[in-house]
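Quick notes on the structure that follows.
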Amino acid sequence: MREQAEPVENIDEEIQTLIDAMGQTMYSAPGIGLAANQVGEPIQLLVYDLTPKDKERSLCALINPEIVSAEGEILYDEACLSVIDFSAEVKRCAMVKVRGFDRHGKPVDIEADGLMAICLQHEIDHLNGRLFIDHISSLKRALYKRRLQKMLKNGKD
Ligand SMILES: [Zn+2]
């Protein structure tokens, strides 16, 4: 998961199955975004859904995503399905433009701000082998590692 994910070359049946499986994993977590390498598939694919809880779900997939521009700053308390029991305030760009392909292979340009901008930057980070804890101070990261070791020693998962 610490490696750069490979670009997707064919948006085939297998990718469709993976997108739906990732959607299920994300919803049951529950989370608002998931990168393919978090589920052991090292390819440039992420899913997200920022629909409010009282609305019908709408799973979005983004393939070979690339941030083409970014501006501003926003602070948000982030958590991650791959970082156990820990959240931290992370500074991100407030607005991003992301280019990629949807699950049908159609090129898409997304302009995102707020939570959506945070979510996309977080998931694209995953695809580049980065976790949100890479953005926090080394002191906070050390605290997290110590806590994680303690949890593992106590046999919690
Ligand atoms: Zn994450």
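Nothing in this text is a laboratory measurement; each read-out follows from the coordinates by a stated rule. Since the model is a prediction, treat every value here as computed from it, not as a measurement. Cβ coordinates were reconstructed from backbone atoms using ideal geometry, including for glycine residues, and neighbour counts include every protein chain displayed.
Things to note:
- Hits among lysines - C-alpha to C-alpha of K106 under 28 Å, sequence gap 8 or more where chains match: K53, K55, K97
- Less than 5 angstrom separates the built amide H of E78 from those of A88, E89, V90, all sequence-distant by 5 or more or on a different chain.
- From phi via Karplus (6.51, -1.76, 1.60), per-residue ³J(HN,Hα) for the range 91-99 in Hz, x at Gly/Pro: 8, 10, 6, 6, 9, 10, 10, 10, 10
- Cα gyration tensor category, rounded, prolate or oblate, for the range 1-55 with a/c compared to 1.5: prolate
- Taking GluC sites (Glu not before Pro) across the range 1-45, the ones in a DSSP loop with at most 12 further Cβ atoms lying within 10 angstrom of their Cβ are E3, E9.
- Taking amide hydrogens as placed 1.01 Å from N in the peptide plane, the amide H of I43 sits under 5 Å from those of E6, N37, each at least 5 positions away in sequence or on another chain.
- Cross-link reach is defined here as a Cα-Cα straight distance under 29 Å, omitting same-chain residues fewer than 8 places apart; for K140 the lysines meeting it are K91, K150, K153, K156.
- Cβ-based charge dipole, the chain, positive-most Cα from L46, G129, G23: G129
- Net dipole in debye of the range 97-157 [+1 Lys, Arg Cβ; -1 Asp, Glu Cβ; about Cα centre; nearest 20]: 640
- Net charge of neighbours whose Cβ lies under 10 Å from the Cβ of G33, counting Lys and Arg as +1 and Asp and Glu as -1: -2
- Across the chain, the mean sequence separation of Cα contacts (distance under 8 Å, 6 or more residues apart), normalised by length, yields a relative contact order of 23 percent.
- Remark: the Cα gyration tensor places the chain in the prolate category, a/c being 1.5 or greater and a/b exceeding b/c.
- Which of S82, L115, S69, positive extreme of dipole for the chain (C-beta unit charges): S82
- The charge dipole of the chain, taken about its Cα centre with unit charges on the Cβ of Lys, Arg, Asp and Glu (plus for the first two, minus for the last two), comes to roughly 1020 debye.
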